[in-house]
Each structure stands twice: as C-alpha cells, then as structure tokens.
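Enquirer: Got a structure for you, questions after.
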Amino acid sequence: MLKRILIASHHGFCMGVKRAIQIAEETSDTAEGKVTILNEIVHNEAVVDKFKKQGVGQALAVKDVNEGTLIISAHGISPAVINEAESKGLTVIDATCPLVTNIYDIIKKAVSEGFHIIHYGNPHHDETQGILGYAPDNITTASSIEELLALPEWKDRKLGLTVQTTAHIEEFAKVEEKAKEKWPHLEVFNTICNATTKRQNAIFDLAPKVDMVLVVGSTTSANSKRLASISSDICGNGKLIGSAVDIKEEWFAESEKIESVGISAGASTPDFLVEEVIERLKEISGNEAEVILPEKKRSIRKIQRTA
C-alpha cells in the first residue's frame with residue numbers, strides 16, 4: 001500500500017526554460033505576422049503542444065520558414081543558422097538559455113587563445129549542435145569515456161574540456177579524472193548548469209528514502225532521462241513518465257511492496273504535470289498517502305469533500 005509521496009527539493013522549470021517560454025509567449029502576442037519556433041522551445045511535449053494550439057508554428061530547419069519571426073529555442077543554435085535566417089529576411093528572436101550562451105563565450109575565448117576544445121556531450125543534442133557551430137574546426141565531441149580515451153594524445157596542443165549543461169555530475173567527475181590522466185595539461189571548464197546540479201543532488205538525497213522514484217519529463221529531455229537513470233542506480237526503481245496518464249496501477253500492487261514514492265521532474269516540465277501525478281498517486285492510495293513537501297517539511301492530505 002502506498003503510504004508516502006515525497007517531493008524532491010528541486011524539480012521542474014529552471015531559469016532558462018522559464019525565460020525561453022516567456023520570450024516565446026511575449027513574441028507570439030506582440031509580433032506581426034507568422035511566428036515560428038525552430039525545433040522545440042524546450043523539450044517537453046505539453047509545452048510544445050501549448051504553443052501549437054496558440055497558432056505558433058514549429059520548424060526543424062530555416063529552409064522551411066519563409067516569413068515572419070523565428071524564435072531560437074532554449075538549447076541554442078549555430079550562428080550559421082541565425083545568419084541563414086536573417087539572410088532570408090526573418091526577424092530572429094533568441095531565447096537561448098544564458099548558461100548555454102556562457103559556453104559559447106568560454107569556447108570563443110579559449111579558441112582565440114589557441115585552445116582545442118573537447119566537448120563532452122551528446123553530439124546529436126540541440127545544445128551540442130549549437131556549440132559546435134561556434135568553432136567547428138576547433139571542437140571535438142565525446143559522448144562516453146571510451147570515446148574520450150580514444151582521442152589522440154595531443155601532447156603539444158593546448159586543450160580545454162567543456163561539458164553539456166545537463167550532464168551527470170558524478171559521471172563528469174570521472175570524465176574529468178580520466179581526461180586529466182590522459183592530458184595532464186588539460187584545462188577543465190565545468191559548464192554543467194546550477195539547475196542540473198541542484199536537481200541531481202535532490203535525487204541523491206531523495207532516492208535512498210523511497211521504494212520508487214517517478215521523474216516527470218519527456219523522453220526528448222536529456223536532464224529528465226538523467227534524473228530517472230540516477231534514481232534507478234540508487235533505489236533500483238526509477239521511472240520516466242510523461243504525465244499522470246503513464247502511471248500504471250500494477251506498479252503499486254501489494255506484491256510490489258511499494259510504500260513510498262519520490263517525485264521529481266525535469267527542468268522543462270511544467271508544475272501542472274507534477275501536480276497531476278501527485279493527485280493520481282493519491283487516488284491510487286485511496287487518498288491515504290501523505291505528500292511530503294520539502295519546503296515546509298510537513299505532510300499534507302487532500303481534504304475530503306462531502307456533499
């Protein structure tokens with residue numbers, strides 16, 4: 001029987017996501033003509049669908065946009081793409097997260113000083129694609145320690161190491177250690193964002209206390225998948241769900257012995273999705289489960305209404 005629902009101390013929207021959504025909303029309200037978002041404004045289906053319902057277009061490439069205003073997503077984009085959009089006469093609104101922009105600045109400065117950058121991250125992620133565009137001839141990507149160690153010795157080359165903002169903090173600590181062993185002269189720029197660190201640390205604190213962790217987020221969200229993976233490593237039962245609809249009652253059958261569940265959410269997950277998950281879990285518990293809120297360190301229960 002489910003008895004307790006514990007909420008992670010840090011979860012849901014981060015600063016960069018809030019900012020990007022606000023920019024997109026203001027642009028869609030005030031811009032003249034057609035407004036199109038390049039890729040997904042953030043990696044969450046509910047947010048993406050909201051803008052589609054408001055009449056905001058979505059495109060995967062500049063070639064598919066012929067007029068109006070183009071919004072760059074929170075994940076950023078290559079400067080060549082922005083140049084392409086402006087050459088077509090599009091008005092470009094940049095909603096790139098400032099912490100991603102910070103990586104651009106670090107890389108531009110390092111490259112100007114003669115560094116070759118090793119960027120640790122998913123080469124297919126929007127963020128990484130944008131980063132590569134700022135110095136394509138001076139950046140090499142690696143998405144695993146094996147790929148990192150397979151790179152050349154580069155003994156006489158100035159090297160810098162950057163990392164995707166949503167990387168696993170413990171994994172990157174190992175990456176940094178191995179990289180320094182291979183290239184003792186390497187300079188490390190830890191570009192994991194503060195929001196990622198806080199959400200992962202919250203999982204490190206939460207997961208040992210529960211029988212299951214549900215992470216609310218999209219399968220396209222790197223940080224949401226990371227939180228679910230960390231949860232599984234710690235408590236052995238971490239699940240990534242898109243919304244309350246994905247919760248299966250059989251997960252909480254008596255035979256499963258699930259008495260406590262932790263709830264977290266990726267940095268691009270709206271609060272209403274988390275609230276719906278909490279409500280669904282309370283329903284499954286027969287409205288008996290306590291919801292433990294970290295902010296006030298107390299329990300609450302849904303008030304039973306009578307006719």
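Enquirer: In straight Cα distance, which aspartates and glutamates are under 20 Å from LYS88, not counting same-chain residues fewer than 8 positions off?
Expert: Counting by Cα, and skipping residues close in sequence, LYS88 has these aspartates and glutamates nearby: GLU32, ASP64, GLU67.
Enquirer: For the stretch 96-182, what number results from the quotient of the Cα radius of gyration and 2.2 N^0.38 Å?
Expert: Relative to the 2.2 N^0.38 Å estimate, the stretch 96-182 comes out at 1.02.
Enquirer: To continue, here is another question. Along the three principal axes, how long is the stretch 3-90 when you take its alpha carbons, biggest first, rounded to the nearest angstrom?
Expert: Principal axes ranked by extent give 58, 26, 19 Å for the Cα atoms.
Enquirer: Check the straight Cα-Cα distances from LYS50 and name the lysines below 20 Å, setting aside those fewer than 8 residues away within the same chain.
Expert: LYS18, LYS34
Enquirer: What Kirkwood Rh does the chain have if only Cα atoms enter the pairwise 1/r average? Answer in Å.
Expert: For the chain, the Kirkwood estimate is 21.0 Å.
Enquirer: Relative contact order, percent, of the chain when contacts are C-alpha pairs under 8 Å separated by at least 6 residues?
Expert: Relative contact order of the chain: 24 percent.
Enquirer: What span do the alpha-carbon atoms of the stretch 1-154 cover on each of the three principal axes, reported in whole Å from largest to smallest?
Expert: 60, 52, 23 Å, listed from the longest principal axis down.
Enquirer: Taking the solvent-accessible surface of protein heavy atoms with a 1.4 Å probe, what is the per residue accessible area of the stretch 104-172 in Å²?
Expert: Per-residue value: 45 Å².
Enquirer: What 222 nm value per residue comes from the helices of the chain, counting each DSSP H run with n ≥ 4 as -39,500 (n - 2.57) and dividing by all residues, nearest 500 deg cm²/dmol?
Expert: -11500 deg cm²/dmol, from helical runs alone.
Enquirer: Cross-link candidates for LYS174: which lysines have Cα within less than 29 Å, leaving aside residues fewer than 8 places away along the same chain?
Expert: Partners found: LYS108, LYS109, LYS155, LYS158, LYS182, LYS198, LYS209, LYS225, LYS239.
Enquirer: Turning to a different aspect of this structure: Counting only protein heavy atoms, what percent of the accessible surface of the chain is carbon or sulfur at a 1.4 Å probe?
Expert: Here it works out to 48 percent.
The values are calculated or read from the model by the stated rules, or taken from the named source; none is laboratory data. Note that the structure is predicted; figures quoted are calculated from it, not measured. Ligands, DNA and RNA are excluded from the accessible area calculation, which covers all protein heavy atoms including side chains. Shrake-Rupley method; radii C 1.70, N 1.55, O 1.52, S 1.80 Å.
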